[in-house]
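Trainee: To start, I am sharing the structure in question, which I have written as structure tokens.
Coordinate-derived values only; no laboratory data. Since we're looking at a predicted model, the values are computed, not measured. Cβ sites come from the backbone with ideal geometry, for glycine too, and all protein chains shown count toward neighbours.
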């Protein structure tokens, strides 16, 4: 029996994919199809996949061409699979000519001519055409955000609303729509990204939703819990997508960390300790408004939002009495605790430490840009390090997810409305100085 193997993402299965599978099938007696996992696709730069792994596997099964379907999860797996399944022929599309010649040491390699004029990327681009506007006055970050758009099919940044156009780069200055009038921008776009320095997210989000525009908003989306509830209700009423924007939530390493915790890798979670500090100029005056949602994200996603008690410990600026330069929040849960520290006027390692009954997870500074973390145990020989590629600080992954939610209207939010509400409740309690100890 002659065994053939081929691999692919097989997103939005089309006639080009089917033709390749048919030709591969004819090369032998038994066809193995490797479908790449979501995580492995990300490490290869394929971040714009529309369908889940389960959906892509189901599509391959429906063709009845594969005798066996396997999942490709890591670099070098092809050699392992060829040996494991006694493969005679490795077949792949001609757009990969030469790329897999190294496999000739293990089996015959055949490059099959690909079907011209069709690709998953073309289908994704045709299916998605969301015109986006960006709103804010921070040149460096908005330029970075705008540059990530080229990696995302179906979202096109066409305009900006800013009062700081003179300091923007030429690419942003030359967008089709450049205005200081937010209402004018909304006339030309389907969605907006808000990166505001005046912390008036609520009014901007509300105006966009009232105009039936989708919103990706740098967290927090509001400073009151009631306003948050109102905004999500308005989004639902107008069939719009509202997403709390924290780039960390979309990184591969962070997603894998959460999955490891769910598997019980370090036992029961007893404590989450998070630190975010920076002496650089930040977006907003109040440290807690700037860093609070980022620091609270892993706490709420690991331990939930139903904490029993909380305590703010705050040092306010000597010059500006309402500006916090250091804020610590202690949260007590039923069977766990959490601590976050955020600061502009103090410095500490920006790490994330998750304590369990069997071991702990350590993420070094800056944890919010994580591409690496360690699982540590009492017996150091059992320790394991995990590495994942992070491109564009997670912005492109955030944009891809935003685009997919708009297109598919699935509730696959990385940051749920429940967590967004918890962020806003925290902001409101901070403003009201509820449960606060002032150490100024």
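Trainee: Angle between the Cα long axis of helix 395-408 and the longest principal axis of the chain, 0 to 90 degrees, nearest 10?
Mentor: In the chain, helix 395-408 runs at an angle near 80 degrees to the longest axis.
Trainee: Same structure, new question: How would you classify the stretch 3-115 from its alpha-carbon gyration tensor, with a ≥ b ≥ c the square roots of the eigenvalues: rounded for a/c under 1.5, else prolate if a/b is greater than b/c, otherwise oblate?
Mentor: Numbers: a/c = 1.43, a/b = 1.20, b/c = 1.19.
Rounded, since a/c falls under 1.5.
Trainee: Give the relative contact order (percent, whole number) for the stretch 122-246; include only Cα pairs under 8 Å separated by 6+ residues. Provide the component values of the computation, followed by the final result.
Mentor: On the way: 222 pairs, mean separation 27.8, N = 125.
Relative contact order of the stretch 122-246: 22 percent.
Trainee: Taking the 0 to 90 degree range and rounding to the nearest ten, how far is the long axis of helix 417-431 tilted relative to the main principal axis of the chain, both from C-alpha atoms?
Mentor: 20
Trainee: Remind me, relative contact order of the stretch 249-438 in percent, using alpha carbon pairs under 8 angstrom and six or more residues apart? Walk me through the numbers before you get to the answer.
Mentor: Working: 346 pairs, mean separation 52.7, N = 190.
It rounds to 28 percent for the stretch 249-438.
Trainee: Can you put 256, 56, 247, 84 in order, fewest other beta carbons within 10 Å first? If you can, show how the numbers build up before the last one.
Mentor: Details: 256 15, 56 26, 247 22, 84 11.
Fewest-to-most ranking of 256, 56, 247, 84: 84, 256, 247, 56.
Trainee: Got a sec? How would 99, 280, 369, 341 order by Cβ neighbour count within 10 Å, fewest to most? Numbers along the way, then the final one.
Mentor: Working: 99 11, 280 5, 369 16, 341 20.
Lowest count first: 280, 99, 369, 341.
Trainee: Still on this model: Rounded, prolate or oblate: which fits the stretch 215-355 when a ≥ b ≥ c are the square roots of the eigenvalues of the alpha-carbon gyration tensor, with rounded for a/c under 1.5 and prolate only if a/b beats b/c? Could you put the intermediate results ahead of the total?
Mentor: Details: a/c = 1.57, a/b = 1.03, b/c = 1.52.
Oblate, because a/c is 1.5 or more while a/b does not exceed b/c.
Trainee: Out of every Cα pair in the stretch 303-393, what percent are spaced more than 16 Å from each other? Before the final figure, lay out the partial values.
Mentor: Values: 2776 of 4095 pairs.
That fraction is 68 percent.
Trainee: Next question. For residue 357 paired with residue 65, estimate the spin-label separation in nm (one decimal), with each label point 7 Å from Cα along the Cα-to-Cβ line.
Mentor: 5.0
Trainee: Run the helix sum for the chain: -39,500 (n - 2.57) per DSSP H stretch of 4+ residues, divided by residue count, reported at 222 nm to the nearest 500 deg cm²/dmol.
Mentor: Working: 14 runs with 143 residues, N = 440.
Rounded to the nearest 500, the figure is -9500 deg cm²/dmol.
Trainee: Out of all DSSP beta bridges with both ends in the chain, state the antiparallel percent to the nearest 5.
Mentor: Taking every DSSP beta bridge with both residues in the chain, the antiparallel ones total about 40 percent.
Trainee: How much of the DSSP beta bridge set in the stretch 122-246 is antiparallel, as a percent to the nearest 5? Kindly include the intermediate steps, with their values, before the conclusion.
Mentor: Numbers: 0 of 22 bridges.
Of all bridge pairs located within the stretch 122-246, approximately 0 percent are antiparallel.
Trainee: Report, for the stretch 249-438, the % of DSSP beta bridges that are antiparallel, rounded to 5. Kindly include the intermediate steps, with their values, before the conclusion.
Mentor: Details: 31 of 41 bridges.
That works out to approximately 75 percent antiparallel.
Trainee: Working from Cα positions, state the angle (0 to 90°, nearest 10) between the long axis of helix 287-303 and the longest principal axis of the chain.
Mentor: Result, in degrees: 50.
Trainee: In addition: Roughly how many Å is it from the Cα centre of the stretch 233-301 to that of the stretch 367-440, as a whole number?
Mentor: 2
Trainee: FRET efficiency for residue 320 and residue 230, Cβ-Cβ distance as r, R0 = 30 Å, nearest 0.05?
Mentor: Details: r = 30 Å, r/R0 = 1.00.
That gives a FRET efficiency of 0.50.
Trainee: Still on this structure, please answer the following. Take the Cα atoms of the stretch 165-237, find their three principal axes, and give me the spread along each one in whole Å, biggest first.
Mentor: Extents along the principal axes: 39, 23, 16 Å.
Trainee: Using 1/(1 + (r/R0)^6) with R0 = 25 angstrom and r between the beta carbons of residue 75 and residue 379, what's the FRET efficiency to the nearest 0.05? List each step's numbers first, then the result.
Mentor: Values: r = 28 Å, r/R0 = 1.13.
Efficiency at R0 = 25 Å is approximately 0.35.
Trainee: Hey, could you pull the Cα Rg and Dmax for the stretch 249-438, both in Å?
Mentor: Computed over the Cα atoms of the stretch 249-438, radius of gyration and Dmax are 17.0, 51 Å.
Trainee: State, to one decimal in nm, how far the label point of residue 167 lies from the label point of residue 100, with both points 7 Å from Cα in the Cβ direction.
Mentor: 5.1
Trainee: Semi-axes, largest first, in whole Å: what does sqrt of 5 times each Cα gyration tensor eigenvalue give for the stretch 122-246?
Mentor: Working: eigenvalues 99, 68, 31 Å².
Each semi-axis is the square root of five times an eigenvalue, giving 22, 18, 13 Å.
Trainee: Less than 11 Å from a label point 7 Å out along the Cα-to-Cβ axis of residue 369: which backbone N atoms in the stretch 231-259 qualify, by residue?
Mentor: none
Trainee: Remind me, relative contact order of the chain in percent, using alpha carbon pairs under 8 angstrom and six or more residues apart? If you can, show how the numbers build up before the last one.
Mentor: Details: 866 pairs, mean separation 59.0, N = 440.
That works out to 13 percent.
Trainee: Match the structure shown to one of the listed values (1) -0.54, -0.81, -1.08; (2) -0.44, -0.69, -0.99; (3) -0.63, -0.89, -1.14 of log10 I(q)/I(0) by the Debye sum over Cα atoms at q = 0.08, 0.10, 0.12 Å⁻¹, computed from it, and give that label.
Mentor: The calculated read-out lines up with (1).
Trainee: Order these by the 10 Å Cβ neighbour count, fewest first: 168, 132, 1, 436. Before the final figure, lay out each step's value.
Mentor: Details: 168 21, 132 24, 1 7, 436 17.
Neighbour counts put them in this order, fewest first: 1, 436, 168, 132.
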